[in-house]
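One structure is given below, encoded as structure tokens.
Derivation of every value follows stated rules applied to the coordinates shown; laboratory data play no part. Please read these numbers as outputs of a predicted model, since none were measured by experiment. Note that each Cβ is placed from the backbone with ideal geometry, even for glycine, and that neighbours are counted across all protein chains shown.
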Amino acid sequence: METKTNYRSNYKSALSPFHKKMQDKVFDYSNPKNPVREEINKNIGNFSLNITIEEDKETLSLLKTPGLISFLCLLKIGQKVVGTGRGTSCLDQNNRYIERSVRYAFNAAILDAVAKTVKTSDVLYPNKKESDDLIEEAYVAKKAEPITPKQKIYLQELLDSSNIDEDERRGYLSNISDFSRIEASEAIQKFKG
């Protein structure tokens with residue numbers, strides 16, 4: 001019969017008796033004065049979060065992928081947006097389950113918003129105070145500057161002289177007023193070259 005050696009019984013702790021005693025104190029959370037217990041108590045409570053889900057039209061217009069489903073989740077405390085998240089899914093030949101695809105994108109947006117919020121900010125921690133200005137600056141999306149009149153005229157001229165499909169040309173011309181300066185620059189570079 002084989003005998004097994006118990007290596008753990010032969011192992012000597014690398015900690016000195018003093019450090020072992022301190023380690024035991026730290027891991028004993030039953031004492032209310034324990035620093036770990038104090039930190040745990042700071043994070044216990046009720047949190048009132050509002051979740052607003054919208055269709056993510058920015059992503060849909062940017063990617064222009066057939067079958068793309070996209071949601072934008074706004075995580076709010078009161079009326080203040082503290083986090084945003086995006087979730088997408090795509091319907092195609094391999095992924096025909098409509099309800100599952102929509103739910104996947106929906107849930108991904110919520111998870112993304114919560115993950116970003118707790119990773120980047122302490123807004124959920126009741127005993128941490130952050131400036132309201134910093135939170136708003138970090139999460140409130142800045143409105144893109146609209147297309148300039150010169151860009152609009154130049155882009156219209158480029159579209160009229162370009163060799164693109166008539167439906168695509170009409171699509172661009174009908175949406176040209178909604179372009180931002182950056183989108184207009186990108187379109188100009190596309191049709192210029």
Rounded to whole angstrom, the alpha-carbon centroid of region 59-74 lies from that of region 87-103 at a distance of 12 Å
At R0 = 35 Å the Cβ-Cβ FRET efficiency linking Glu168 and Ile98, nearest 0.05, sits at 0.80
Karplus-derived 3J(HN,Hα) from phi for region 68-75 (6.51 cos²θ - 1.76 cosθ + 1.60, θ = phi - 60°), whole Hz, x at Gly and Pro, runs 6, 10, 9, 10, 10, 10, 10, 9
Residue by residue through region 169-184, the couplings from Karplus 6.51 cos²θ - 1.76 cosθ + 1.60 with θ = phi - 60°, in Hz, x for Gly and Pro, are 4, 4, x, 5, 5, 6, 9, 4, 5, 8, 5, 8, 4, 5, 4, 5
Listed by chain and number, the residues whose amide H is under 5 Å from that of Asp56, excluding neighbours fewer than 5 places away on the same chain and using placed H, are Ser70, Phe71, Leu72
